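The values are calculated or read from the model by the stated rules, or taken from the named source; none is laboratory data. On a predicted model such as this, the values are computed, not experimentally measured, just so you know. All accessible areas refer to the heavy atoms of the entire protein, side chains included, with ligands and DNA or RNA removed. Shrake-Rupley method; radii C 1.70, N 1.55, O 1.52, S 1.80 Å.
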Amino acid sequence: MRLPTIACITVFFALPLCAQDKPLHGIDLSDIDRNANPCQDFYEFANGAWRAKNPIPASMVMWSKRWAAGEATKDVLHGILEDASANAKTAPPKSAERLIGDYYGACMDQNTIDALGIKAIERELAWVHSVASVSDLQIVIQKLNEEAIFAPFAFGSSQDPHNPQAVIADAAASGLGLPERDYYFKPDEKSKETRQKYLEHIATMFVLAGSDKATADANAKVVMRMETAFAGASLNNVELRDPHATDHKMKLDEVQKLTPDFNWSTYFADLKIDPSVPFNVDQPKFLEEFQKQLKDTSIADWKIYLTWQVLLSAAPSLSTPFVQESFAFHQKYLQGAAELKPRWKRCVEATDNDLGEALGKKYVEKTFSPEAKARMQEMVKNILLALHDDILTLTWMSDETKKKALEKLATFNPKVGYPDKWKDYSGVEITRDAYWSDVVSARRYAVKDDAALIGKPVDRGRWGMTTPTSNAYYNPQLNEIVFPAGILLPPMFDVTATDAANYGGIGPVIGHEISHGFDDQGAQYDATGELKNWWTPADYKDFQNRGACVVDQFSGYTVDGGLHENGKLVLGESIGDLGGVKLAYLAFEKSMQGKPRPADKDGFTPEQQFFISWGQSRGDEIRPDAQRQFVLTNPHPVSKYRVLGPLSNLPEFQKAFSCKVGDAMVRPAEHRCVIW
Ligand SMILES: [Zn+2]
């Protein structure tokens with residue numbers, strides 16, 4: 001199922017032709033469910049008619065206008081990559097066109113990939129097979145890490161939370177095949193079923209890799225035992241929200257004491273990292289478990305575990321039976337997807353993942369106009385200003401804390417559209433007939449590129465998302481808010497749309513990312529990105545109480561299947577949404593000052609249009625299985641509550657729709673959550 005405006009897909013990228021058909025681009029009045037009462041269920045009101053007409057496509061687990069726009073972006077990337085693939089032979093060697101064209105071409109060569117089968121990964125399997133001692137294990141774990149097969153730990157660069165100008169080494173817990181550590185322990189029937197299905201999935205993959213059924217079943221049990229031990233020593237996703245819980249900066253010899261049987265000096269030397277650089281161990285207890293497994297687990301079992309980790313990581317890039325089995329467990333069983341995405345789309349996603357800035361450069365050239373960038377930058381500036389003015393009026397924050405908050409606000413670095421400097425992928429070796437080798441080459445480049453940052457001053461120009469990505473982020477250590485070109489599309493943003501549509505669409509996203517600078521995590525970092533308290537004790541306590549209100553609000557929301565939102569898990573994102581809508585609304589109001597009042601549309605005031613735009617851009621429908629995984633693992637509330645949650649706290653919304661005390665969209669005054 002496609003957007004009704006399928007013919008206009010390309011005009012999503014700023015050409016005015018189709019915008020003429022939709023003068024209110026970003027808000028579509030035909031998407032409104034007129035039978036719903038905006039004061040009772042604004043989510044249903046704003047986008048109910050669209051969802052009724054647009055069921056989730058078989059290969060997707062969520063669907064909304066924003067998801068549709070994200071998938072439409074892949075159509076554009078598809079065109080770029082088909083052209084690059086056709087023209088690769090004549091493109092200069094190592095040029096971006098040549099790299100992405102050959103990578104995509106190799107990915108699309110299903111016949112060669114299928115003919116090769118498991119042989120594609122015979123090198124990695126031979127490494128694991130050759131292990132005869134604990135010191136051999138070290139060598140193989142390191143080699144696999146260099147191919148981004150991070151088991152059992154993940155190693156990389158990290159900005160020093162105590163010296164934010166510096167980049168240090170970091171090791172984090174990793175090496176689990178289920179979505180989150182609690183999946184290994186939850187006692188409910190569904191979780192037990194999931195573990196049984198996972199055992200069956202592991203066994204099936206071993207059979208595909210050449211094991212007999214009895215051996216494969218036995219191997220699955222070994223994998224489950226080891227992953228369960230690693231999960232038991234890992235923090236859960238709520239504990240991981242506390243930056244102090246993963247703050248353990250050490251010297252190399254101190255880390256060495258945690259794992260006497262794993263030589264970190266060799267590890268650093270192989271990655272050409274200065275051994276005197278500080279090393280943060282996110283979870284010392286996890287490394288202690290690693291050491292315990294090195295001591296207690298047989299080499300034979302370690303080889304089974306590492307073989308599994310290779311299969312798990314490589315399966316989506318291998319022959320059809322591996323791809324289908326990986327899909328059957330991760331997308332179909334865990335998330336309810338009905339069918340695999342078409343091959344071209346998976347190859348587009350893989351190219352974006354592995355050579356994202358080479359592809360992103362082409363994408364921007366084709367789609368993202370300087371006018372769009374300028375409009376977006378202006379909105380960011382205005383919403384930052386809205387928070388500045390808002391902080392000055394807060395009655396709960398002391399002048400001392402306000403001064404520090406404003407200092408932090410003044411150092412926010414907004415990035416819009418695409419990086420100023422693109423990555424140079426010339427070290428990546430891409431051949432047309434060996435897809436897994438291409439994947440490995442790109443991964444090795446990414447691991448080395450990241451390791452090369454360790455011990456250097458922080459580079460503020462790097463991006464954590466690729467340009468075509470339909471998403472945005474805040475980084476508390478760089479104090480930056482980042483909006484890739486891929487999210488700057490209708491329904492979120494359109495350079496030709498009204499202020500009501502844009503401030504109501506991308507505006508709350510901008511406000512959301514800004515608010516992350518002051519959520520339960522972001523508030524713990526100061527203006528320089530240092531993990532350091534800048535609040536007075538009384539103000540911080542008040543702030544935490546206001547956060548507790550949000551935790552209570554969201555813990556009260558249930559989703560299908562009897563699950564509750566976990567208020568503590570979604571706290572940061574919910575603070576982001578609460579602040580985001582408010583700040584965008586304040587900026588929108590200000591944008592109307594001193595100008596003729598914008599026209600009503602079909603009886604909807606500009607203020608109502610703002611909120612309708614927000615409700616429509618957040619209108620995700622989600623499959624029940626995907627919703628279950630989302631609620632258990634994702635720090636965002638489900639979309640419905642991202643609309644209902646913040647709006648039911650906002651008097652501005654209630655005023656715009658003349659909602660009354662007692663309506664579902666009006667939280668009682670004593671339960672209303674207010675931060676900004
Ligand atoms: Zn967020």
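Listing for the model above:
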| item | result |
| --- | --- |
| For segment 422-557, alpha-carbon Rg and Dmax in angstrom | 20.1, 64 |
| Under the Karplus curve 6.51 cos²θ - 1.76 cosθ + 1.60, θ = phi - 60°, whole-Hz ³J(HN,Hα) for segment 60-70, x wherever Gly or Pro sits | 10, 10, 9, 7, 6, 5, 5, 5, 4, 5, x |
| Quotient of C-alpha Rg and 2.2 N^0.38 Å, computed over segment 460-513 | 1.17 |
| When each of K332/K448; K541/K640; K402/K541 is checked by Cα-Cα distance, pairs over 22 Å | K332/K448; K541/K640 |
| Accessible-area composition of the chain, carbon plus sulfur, in percent [1.4 Å probe] | 54 |
| Spatial separation of Cα centroids for segment 400-432 and segment 129-155, in angstrom | 32 |
| C-alpha long axis of helix 134-146 to longest principal axis of the chain, angle in ° | 40 |
| List C549, C347, ordered by accessible area with a 1.4 Å probe, largest first | C549, C347 |
| Computed accessible area, R597, all protein chains, 1.4 angstrom probe, square angstrom | 140 |
| Euclidean distance between Cα centres, segment 523-571 to segment 181-219, Å | 36 |
| 0 to 90° range, to nearest 10: angle between helix 284-296 axis and the chain longest Cα axis | 20 |
| With DNA, RNA and ligands ignored, accessible area of W67 (1.4 Å probe; Å², nearest 10) | 80 |
| Cα radius of gyration and Dmax for the chain (Å) | 25.4, 79 |
| Computed [θ] at 222 nm, deg cm²/dmol, the chain (DSSP H ≥ 4; -39,500 (n - 2.57); rounded to nearest 500) | -16000 deg cm²/dmol |
| Antiparallel bridge percentage (DSSP; both residues within segment 155-296; nearest 5) | 70 |
| HN-Hα J in Hz across segment 205-212 - Karplus 6.51, -1.76, 1.60, θ = phi - 60°, x for Gly and Pro | 5, 5, 4, 4, 7, x, 6, 6 |
| For segment 486-537, Kirkwood radius (reciprocal of mean inverse C-alpha pair distance, Å) | 12.8 |
| Rule-of-thumb Rg ratio for segment 244-311 [Cα; 2.2 N^0.38 Å; N residues] | 1.24 |
